[in-house]
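Q: Starting off with a structure, shown below.
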């Protein structure tokens, strides 16, 4: 296997719900991203331009105390203590995901999925660290 490709893994969370292939960064680390989410992110990243990265994290707020964040950033916005993971979806260019160490404490092992359903569609977070989540799925408590 070359460093440019990620090997598919099956997360325990996805296995309990539905057998969906997930991908970690090419180094075997990072957030688990399902194939539908990879395709959606790859398309969004192409629209943003090659110089953009995806920052995933958490912040205080939301119905349950903490909420997930996803933003496109410029490469210059990467901080020294950020963790960067490279993802290579099949048939699309690779992209980088950045997260700060504080956020990684809360989202370690999280799975990012995407649904195109009219109701409840969009990006969905499955966080094994969350002790409570809200109905909208974008906030949690630990």
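The values are calculated or read from the model by the stated rules, or taken from the named source; none is laboratory data. For clarity, every value in this text was computed on a predicted model and none was experimentally measured. Cβ: placed from backbone, ideal geometry, glycine included. Neighbour counts: every protein chain shown.
Q: Tally up the residues in segment 67-123 that are without any contact (Cβ under 8 Å) to a residue 60 or more places away in the chain and in a strand (DSSP E or B), please.
A: Selection size over segment 67-123: 12.
Q: Among (1) modelled with pLDDT of 80 or more; (2) under 12 Å from residue 110 (Cβ atoms); (3) touching a helix residue (DSSP H, G or I) at 6+ places or on another chain (Cβ under 9 Å), which single condition is residue 22 missing?
A: Of (1) modelled with pLDDT of 80 or more; (2) under 12 Å from residue 110 (Cβ atoms); (3) touching a helix residue (DSSP H, G or I) at 6+ places or on another chain (Cβ under 9 Å), only one is false for residue 22: (1).
Q: I would also like to ask the following. What's the number of the only condition in (1) modelled with pLDDT of 90 or more; (2) surrounded by 19 or more Cβ atoms within 10 Å (Cβ to Cβ); (3) out of contact with any strand residue (DSSP E or B) (no Cβ under 7 Å at 6 or more places or on another chain) that residue 99 fails to meet?
A: (3)
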